[in-house]
1. Show that you can apply the helix-only estimate: for the chain, add -39,500 (n - 2.57) for every DSSP H stretch of four or more residues, divide by all residues, and state [θ] at 222 nm to the nearest 500.
2. Taking all pairs of distinct Cα atoms, average 1/r, flip it, and tell me the Kirkwood hydrodynamic radius of the chain in Å to one decimal place.
3. Excluding residues on the same chain fewer than 8 positions from Lys68, give the lysines whose Cα lies under 20 Å from its Cα.
4. What nm value, rounded to one decimal, do you get for the distance between Ala21 and Lys4 when each label is placed 7 Å out toward the C-beta?
5. Step through the residues of segment 16-25 one at a time and calculate ³J(HN,Hα) from phi using the Karplus curve (6.51 cos²θ - 1.76 cosθ + 1.60, θ = phi - 60°), rounding each to whole Hz and writing x for Gly and Pro.
6. Tally Lys/Arg at +1 and Asp/Glu at -1 over every other residue whose Cβ is under 13 Å from the Cβ of Ala60; what's the total?
7. Hey, any idea what % of the chain's accessible area is carbon plus sulfur with a 1.4 Å probe?
8. Please compute the contact order of the chain in relative form: average sequence separation of alpha-carbon pairs under 8 Å and at least six residues apart, divided by the residue count, as a percent.
Amino acid sequence: MSDKSTAGNMLDAAKAKVDEAADRAREAGHNVAHAVTGDAHHKAEALEDRAKAELHNTQAHAEYSEGKREAQDGDGH
């Protein structure tokens, strides 16, 4: 991670959580499409979106932790 301010890290954490939510919504849509059509392509897309969501979740936690460390060190930068 780069040397960002507390606010910068928290903003990046929030963005990652929004991206995670979007990935999970797409996953759900592909799961519904798979259930309706039985098309394996939709299941593969759902698995891909789940993996992306997990990556965004991990990124959000890392950014949040870094922002928290920045806030606790006293300078916020």
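1. Values: 2 runs with 65 residues, N = 77.
Here the helix-only value at 222 nm equals -30500 deg cm²/dmol.
2. One decimal place: 13.5 Å for the Kirkwood radius.
3. Filter leaves Lys4, Lys15, Lys17.
4. For the pair Ala21/Lys4, the computed spacing is 1.8 nm.
5. Result, ordered by residue: 5, 5, 5, 4, 4, 4, 5, 4, 5, 5 Hz.
6. Values: positive: Lys15, Lys17, Arg24, Lys52, Lys68; negative: Asp12, Asp19, Glu20, Asp23, Glu54, Glu63, Glu66.
That works out to -2.
7. Numbers: 2870 of 4860 Å².
Ligands and nucleic acids excluded, carbon and sulfur reach 59 percent.
8. Details: 83 pairs, mean separation 37.5, N = 77.
Averaging sequence separation for qualifying contacts and normalising by length gives 49 percent for the chain.
The values are calculated or read from the model by the stated rules, or taken from the named source; none is laboratory data. Source: prediction; values computed, not measured. Please note: Cβ atoms are built from the backbone with ideal geometry, for glycine as well, and neighbour counts cover all protein chains shown. The area values use the complete protein model at the heavy-atom level, side chains included, leaving out ligands, DNA and RNA. Shrake-Rupley method; radii C 1.70, N 1.55, O 1.52, S 1.80 Å.
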